[in-house]
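S.K.: I have a structure I would like to understand better, so I am pasting it below and will then ask my questions one at a time.
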Amino acid sequence: MCGIVGFTGKQPVKDVLIEGLAKLEYRGYDSAGVAIEQSGALEVIRRRGNVSGLAHTLGHFDLEGTCGIAHTRWATHGRPTETNAHPHLSCDGRIAVVHNGIIENFVELREELARRGHDLASDTDTEVIAHLIEEEVKGIEKEGDFDSMSPDDFVRAVSRALSRLVGSYALAVISSAVPGVIVAARKDSPLIIGSAPAGSCVASDIIAILDHTRDVFALEDGQIAKLAESGFEVYAAGDGECVPIEFELVHVDWNMDIAEKGGYSDFLLKEIHEQPRVIRDTLAGRIVNGSIVIDELDLTSEELNLIDRINIIACGTSYHAGLIAKNLIEGYARIPTEVEVASEFRYRNPIITPTTLVVAVSQSGETADTLAAIRDARVKGAKVFGITNVLGSPVARESDGVIYTKANKEISVASTKSFLGQVTSLTLLALLLAQSRGELTTGQVKMLFRELGDTAAKVEEILADTSAIDQAAASCADASSALFIGRGQGAAVAHEGALKLKEISYLHAESYPAGEMKHGPIALINEGFPVIAIATDSPTYDKVVSNLKEAQARGAKIVAIATEGDEQIRSIAEHVIYIPKVRDAFSPILASVPLQLFARAIALLRGCDVDQPRNLAKSVTVE
Ligand code: AGP
């Protein structure tokens with residue numbers, strides 16, 4: 001959570017910072033701020049709300065400074081107020097800090113600082129960092145050598161202050177005493193440093209600095225960087241001391257188009273439409289001579305065949321991809337598979353042995369709970385396989401093997417294309433395991449792989465005509481609650497459909513396996529209550545129809561996702577959204593797409609921001 005950007009160079013930095021922050025808003029957007037060196041002092045401007053609000057405010061200021069840092073916040077400690085917005089300052093206002101992460105011992109540090117006379121203005125954990133650095137600069141006992149501080153002294157002061165912190169951080173610090181220098185450091189939160197012709201830059205994500213540089217270095221845990229107009233240096237920090245280290249810049253040739261809407265009205269719609277491409281890219285090169293190939297798994301077939309249990313760990317939408325995968329892995333490979341939200345798994349002492357394969361699924365690759373679960377599983381001796389969308393992300397780095405979902409950058413907070421990338425990747429994993437263990441023949445694998453590939457064109461068919469989806473959405477948009485039901489793969493899709501609706505339209509939604517209706521949720525149903533059913537062609541289709549008749553008898557407004565050619569469903573459902581015929585195992589890839597569009601249409605009718613829903617952030621880097 002939270003996005004950081006900083007730049008020091010020859011030209012005024014205000015617009016560079018605002019443009020960078022705008023690209024980082026997916027990390028949080030409840031407040032934003034900048035600190036810019038200006039005539040020997042730090043000019044700090046912060047405000048509640050998103051980056052465009054801050055940009056508007058900055059328009060009233062004449063800021064020509066060429067070195068500055070900026071932040072967009074997702075609140076953890078302290079409400080999303082202007083006072084709690086970053087950057088945070090030291091007592092005398094000569095140090096400014098922006099931070100992403102959580103300082104776990106901030107309460108004791110605050111008390112300690114208060115005892116020594118520091119006056120902390122905010123409720124945040126971050127503010128203690130500015131004050132600790134100030135103390136290190138001045139020396140706790142003796143007063144003031146701020147004015148004689150060199151850039152190297154500044155780096156040392158930051159390093160010493162950081163040695164007092166417990167927790168995670170990516171941070172950037174400037175001081176009016178050392179013009180033109182930014183000190184950046186990280187532990188367990190991402191930070192990229194870039195070398196640009198016009199100066200040096202730092203950001204939480206490369207996307208924020210790509211307009212200025214393509215030569216970057218991803219700072220590692222425990223490293224500190226000193227950025228100046230002429231370039232940057234990197235140090236290994238230990239016990240408060242810093243040792244310069246060699247580093248290599250990586251040249252990035254990303255296309256900036258990925259961060260643009262490409263003609264769509266919002267990123268969500270653009271990303272929904274990218275899904276056929278994601279399926280194709282995820283499958284490209286994954287079958288050779290009838291055998292599924294996932295070299296990244298880095299397990300021999302003997303090791304694959306020793307796996308006797310799979311634990312899938314994930315959060316949110318990624319967890320729902322895991323539910324779908326459980327059905328595929330158990331169905332095809334016959335390996336007992338559990339799916340669990342990472343925040344539960346990590347605190348539960350689960351049974352993990354060296355023959356357990358743990359599959360960690362995370363779009364961002366930096367979800368704190370998923371990472372903690374990975375670490376726990378590895379300590380217990382399990383092999384961990386990551387499925388993520390972000391190259392070099394912590395999940396990728398900390399797993400024994402990794403599949404990238406090929407979704408490319410997902411900007412909208414609601415996961416769509418990354419979800420289909422995850423489901424496709426997990427399907428490949430199920431096929432690989434099944435083939436390796438002799439549960440599927442080469443002929444069967446070839447056929448299934450072809451059908452899996454065909455889903456891309458079928459998703460295109462769904463996207464080509466959304467009129468039935470829009471009509472259903474219009475008739476449900478005023479509801480105050482909705483129930484999503486399905487069985488088998490349909491139950492997993494129902495969970496994802498309800499989450500999508502909740503998170504972008506703020507319409508309350510519940511999801512249940514359809515067979516559970518009579519055990520409680522059916523009491524919700526009265527005249528006009530929306531029931532969204534996944535009633536596609538499957539072995540339990542008749543059971544779902546029976547459940548829908550029960551809902552119909554109680555006045556429910558039924559929206560059914562059904563398979564083309566199903567006429568029977570028309571007599572039960574007020575709205576039928578047809579999807580092309582597909583094998584039940586792969587039906588989530590198709591059935592989830594109309595539910596994404598349904599949620600988006602309702603959100604727009606309710607006047608919601610579909611790319612930046614309230615209270616959420618794209619990367620959940622705190623537990
Ligand atoms: C998805 O629409 C949500 N925004 C959210 O549930 C997300 O899937 C979850 O936070 C997990 O994120 P990850 O995949 O990056 O780990």
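S.K.: Determine whether ASP470 is closer than 29 Å to LYS549 by Cα, at pLDDT 95 or above and in a loop (DSSP other than H, G, I, E, B).
M.R.: Taking the combined requirement at face value, the residue does not satisfy it.
S.K.: So is VAL445 in contact with a helix residue (DSSP H, G or I) (Cβ under 7 Å, 6 or more places away or on another chain), open to solvent by less than 10 Å² (accessible area, probe 1.4 Å), in a strand (DSSP E or B) and more than 14 Å from the ligand (Cβ to nearest atom) or not?
M.R.: No, not satisfied.
S.K.: Here are the criteria: (1) among the aromatic types (Phe, Trp, Tyr); (2) open to solvent by less than 80 Å² (accessible area, probe 1.4 Å); (3) at pLDDT below 85. Tell me which single one TRP254 does not satisfy.
M.R.: Unmet for TRP254, out of (1) among the aromatic types (Phe, Trp, Tyr); (2) open to solvent by less than 80 Å² (accessible area, probe 1.4 Å); (3) at pLDDT below 85: (2).
S.K.: Given (1) open to solvent by 60 Å² or more (accessible area, probe 1.4 Å); (2) touching a residue at least 12 places away in the same chain (Cβ under 8 Å); (3) farther than 17 Å from GLU229 by Cβ, identify the lone condition not met by PRO12.
M.R.: Unmet for PRO12, out of (1) open to solvent by 60 Å² or more (accessible area, probe 1.4 Å); (2) touching a residue at least 12 places away in the same chain (Cβ under 8 Å); (3) farther than 17 Å from GLU229 by Cβ: (3).
S.K.: Yes or no: GLY322 of a type outside the set (Asp, Glu), at pLDDT 90 or above, within 25 Å of the chain's Cα centre (by Cα) and crowded, with 16+ Cβ neighbours inside 10 Å?
M.R.: Taking the combined requirement at face value, the residue satisfies it.
S.K.: When the residues of region 478-510 are filtered to those that are closer than 15 Å to ALA591 by Cα and assigned to a strand (DSSP E or B), which remaining residue is farthest from the ligand (Cβ to nearest atom)?
M.R.: Top of the filtered list is ILE485.
S.K.: I need the full set of residues from region 410-427 which are at pLDDT 95 or above, out of contact with any Pro (no Cβ under 8 Å at 6 or more places or on another chain) and not small (Gly, Ala, Ser), in order please.
M.R.: Correct list: THR416, LYS417, PHE419, LEU420, GLN422, THR424, LEU426, THR427.
S.K.: Right, another one. Name the residues in region 214-227 that are out of contact with any Ser or Thr (no Cβ under 6 Å at 6 or more places or on another chain) and either surrounded by fewer than 20 Cβ atoms within 10 Å (Cβ to Cβ) or outside any strand (DSSP E or B) (or both), would you?
M.R.: Matches in region 214-227: ARG214, PHE217, ALA218, LEU219, GLU220, ASP221, GLY222.
S.K.: Let me ask something else about it. Let me spell it out: the conditions are (1) more than 17 Å from PRO87 (Cα to Cα); (2) acidic (Asp, Glu); (3) in contact (Cβ under 8 Å) with a residue 12 or more places away in the chain, and GLU233 meets all of them except one. Which number is the exception?
M.R.: Of everything listed in (1) more than 17 Å from PRO87 (Cα to Cα); (2) acidic (Asp, Glu); (3) in contact (Cβ under 8 Å) with a residue 12 or more places away in the chain, GLU233 misses just condition (3).
S.K.: Okay, moving on. For region 40-64, give me the residue count where each residue is among the aliphatic types (A, V, I, L, M) and in a helix (DSSP H, G or I).
M.R.: The total comes to 4.
S.K.: What residue, among those in region 199-210 that are in a loop (DSSP other than H, G, I, E, B) and either in contact with a Cys (Cβ under 9 Å, 6 or more places away or on another chain) or modelled with pLDDT of 90 or more (or both), is farthest from GLY101 (Cα to Cα)?
M.R.: Per the stated criteria, the residue is ILE209.
S.K.: Please specify each residue of region 45-84 satisfying the condition of being surrounded by 22 or more Cβ atoms within 10 Å (Cβ to Cβ), modelled with pLDDT under 95 and under 13 Å from SER122 (Cα atoms).
M.R.: ASN84
S.K.: Could you identify the single residue in ALA514, ALA464, ALA509 that is touching a helix residue (DSSP H, G or I) at 6+ places or on another chain (Cβ under 8 Å) and under 16 Å from GLN596 (Cα atoms)?
M.R.: ALA509
S.K.: With region 81-196 as the region, which helices (runs of 4 or more DSSP H) entirely inside it contain at least 2 residues that are within 30 Å of ILE209 (Cβ to Cβ)?
M.R.: The qualifying helices (runs of 4 or more DSSP H) are 127-138, 151-162.
S.K.: Another question, then. Any residue at all in region 459-474 that's within 16 Å of the ligand (Cβ to nearest atom), over 29 Å from LEU428 (Cβ atoms) and open to solvent by 20 Å² or more (accessible area, probe 1.4 Å)?
M.R.: No, region 459-474 contains no residue that is within 16 Å of the ligand (Cβ to nearest atom), over 29 Å from LEU428 (Cβ atoms) and open to solvent by 20 Å² or more (accessible area, probe 1.4 Å).
S.K.: Name the residues in region 336-350 that are surrounded by fewer than 19 Cβ atoms within 10 Å (Cβ to Cβ) and either over 20 Å from the mean Cα position of the chain (by Cα) or under 24 Å from GLU302 (Cα atoms) (or both), would you?
M.R.: Listed by number, the residues that qualify are PRO336, GLU338, TYR347, ARG348, ASN349.
S.K.: Just one of (1) hydrophobic (A, V, I, L, M, F, W, C); (2) over 19 Å from the mean Cα position of the chain (by Cα); (3) open to solvent by 30 Å² or more (accessible area, probe 1.4 Å) trips up ILE18, so point out which.
M.R.: Answer for ILE18: the failing condition is (3).
S.K.: Answer with yes or no whether TYR332 is open to solvent by 10 Å² or more (accessible area, probe 1.4 Å) and touching a Leu at 6+ places or on another chain (Cβ under 9 Å).
M.R.: yes
S.K.: Would you point out which residue out of GLU338, GLU366 is within 13 Å of the ligand (Cβ to nearest atom) and outside any helix (DSSP H, G or I)?
M.R.: GLU366
S.K.: Okay, moving on. Would it be correct to say that SER505 is closer than 28 Å to ALA430 by Cα and either in contact (Cβ under 8 Å) with a residue 12 or more places away in the chain or not hydroxyl-bearing (Ser, Thr, Tyr) (or both)?
M.R.: no
S.K.: Select, from GLY520, GLY515, GLY490, GLY565, the only residue that is closer than 30 Å to THR424 by Cβ, at pLDDT below 95 and among the small types (Gly, Ala, Ser).
M.R.: Of GLY520, GLY515, GLY490, GLY565, the one residue that is closer than 30 Å to THR424 by Cβ, at pLDDT below 95 and among the small types (Gly, Ala, Ser) is GLY515.
S.K.: Could you tell me whether region 614-621 includes any residue that is β-branched (Val, Ile, Thr), closer than 30 Å to ILE102 by Cβ and either open to solvent by less than 70 Å² (accessible area, probe 1.4 Å) or away from the ligand (no atom under 16 Å from the Cβ) (or both)?
M.R.: Checking region 614-621: at least one residue is β-branched (Val, Ile, Thr), closer than 30 Å to ILE102 by Cβ and either open to solvent by less than 70 Å² (accessible area, probe 1.4 Å) or away from the ligand (no atom under 16 Å from the Cβ) (or both).
S.K.: List the number of the failed condition for LEU433; all other conditions in (1) open to solvent by less than 50 Å² (accessible area, probe 1.4 Å); (2) in contact with a Pro (Cβ under 7 Å, 6 or more places away or on another chain); (3) not acidic (Asp, Glu) hold.
M.R.: Of (1) open to solvent by less than 50 Å² (accessible area, probe 1.4 Å); (2) in contact with a Pro (Cβ under 7 Å, 6 or more places away or on another chain); (3) not acidic (Asp, Glu), only one is false for LEU433: (2).
S.K.: Considering only region 1-29, how many residues are in contact with an Asp or Glu (Cβ under 8 Å, 6 or more places away or on another chain) and outside any helix (DSSP H, G or I)?
M.R.: Adding up the residues that qualify gives 5.
S.K.: Specify which of the listed residues (THR353, THR317) is part of a loop (DSSP other than H, G, I, E, B), of a type in the set (Ser, Thr, Tyr) and open to solvent by 10 Å² or more (accessible area, probe 1.4 Å).
M.R.: THR353
S.K.: Which of the residues that make up region 369-409 are near the ligand (Cβ under 10 Å from one of its atoms) and modelled with pLDDT of 90 or more?
M.R.: ASP369, THR370, LEU371, ILE387, THR388, VAL395
The values are calculated or read from the model by the stated rules, or taken from the named source; none is laboratory data. Please read these numbers as outputs of a predicted model, since none were measured by experiment. Counting neighbours? That spans all protein chains shown, and the Cβs are built from the backbone with ideal geometry, glycine included. Side chains are part of the model used for accessible areas, which takes the heavy atoms of the whole protein and leaves out ligands, DNA and RNA. Shrake-Rupley method; radii C 1.70, N 1.55, O 1.52, S 1.80 Å.
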